[in-house]
1. Return P(r) of the range 7-111 (all Cα-Cα pairs; 5 Å bins starting at 0; whole %; ordered from short to long distances).
2. Which Cα, out of VAL191, GLN220, GLY201, lies furthest along the positive dipole direction of the range 135-261 (beta carbon charges, K/R +1, D/E -1)?
3. If each residue's Cβ is checked for other Cβ atoms within 10 Å, how do HIS178, HIS248 rank with the fewest at the top?
4. Check which residues have an amide H placed less than 5 Å from ILE27's amide H, if you skip close sequence neighbours.
5. Taking the Cα centre of the range 7-111 as the origin and placing charges on Cβ (Lys, Arg +1; Asp, Glu -1), which of ILE102, ASN62, SER11 is farthest toward the positive end of the dipole?
6. Could you compute the FRET efficiency for THR124 and VAL104, with r as their C-beta to C-beta distance and R0 at 22 Å, rounded to 0.05?
7. Could you state the orientation-averaged shadow area of the convex hull built on the Cα atoms of the chain, in nm² to one decimal?
8. Taking amide H positions as placed in the peptide plane 1.01 Å from N, state which residues far from GLU145 in sequence (5 or more) or on other chains have amide H under 5 Å from it.
Amino acid sequence: MSHYQRIACLSTEAVEVLYALGAQECIAGISGYTTHPPIAREEKPKVSGFSSAKIERILAVNPDLVVAYSNMQSELCRELISAGIEVHAFNQRDVAGILRMISVLAALVDKPEHGAQLIASLQTQIAVIRSQTTTWTRRPKIYFEEWNEPLMSCIGWVSELIEVAGGDDAFADLARHHSARERIIADPDEVVRRAPDIIIGSWCGKKFRPEQVMARTGWQSIPAVRHGRVFEIKSADILSPGPSAIQHGLMQLHALIAEWQTTEH
């Protein structure tokens, strides 16, 4: 029997993990951004956006626990706590944090063995990809753009997954910052100077436009632009700090880097 019977999930990765654990019956409401698994959107009421939500919609599903994520939901958490609701706010920003989040959620719904199995399978996927990159003698430099207005480079777990997949994050120095503001690239020419071999865009919440990136002033000299290596990985596949970042995002990163390995440089 789960410790909690009605969990409102204000972040997509909590929904994904609870389904993967076989604990979907505990979910009382989900984030409107939920993509994985697709069936969740059909089965569960949407009670929030990400940084926006009406507390009445959350309270309407009568949760005995609300699962939230990051400082962007801190005010919402405060309101829910004031309303007498129990809240667990995660704040994972790296791969180790993702695995720890799975372990904690599994404990909350009394499925520790399922949690351990899921963690082990994700660790295996990471190990398999790492082993496939060990023979590569060259590593492409990758600029991962999380937002375009202003330019923003990738968060910690994405930078880690780029490294696992066989690449080097062009802005690894910024990835260690938790705050999105600290990952802003104020001068677009800095991307030109770092000369990435591959550009990957994942504009959170909107469609990536590679043609816009390739048309930026002065960017025609960037190797990635010159060779047409500007790609999208959908934000739901890599910017949600849960299993999908590894199961979907890492796989796509690896495929793009493996393809680069086969070309002349």
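Each reported figure results from applying straightforward, stated rules to the coordinates on display, with no laboratory input. Keep in mind it's a predicted model, so treat the numbers as computed, not measured. Note: ideal-geometry Cβ built from the backbone for every residue, glycine included; neighbour counts use all protein chains shown.
1. Calculated P(r), rounded to whole percents: 2, 13, 27, 26, 21, 9, 1.
2. GLN220
3. Values: HIS178 13, HIS248 18.
Ascending Cβ contact count within 10 Å gives the list HIS178, HIS248.
4. Here the answer is ILE7, since their amide H atoms fall under 5 Å of that of ILE27.
5. Result: SER11, furthest along the dipole toward the positive end.
6. Working: r = 21 Å, r/R0 = 0.94.
Given R0 = 22 Å and the Cβ-Cβ separation, E is 0.60.
7. Numbers: hull surface 56.1 nm².
With the hull built on Cα positions only, its mean projection is 14.0 nm².
8. ILE200, GLY201, SER202
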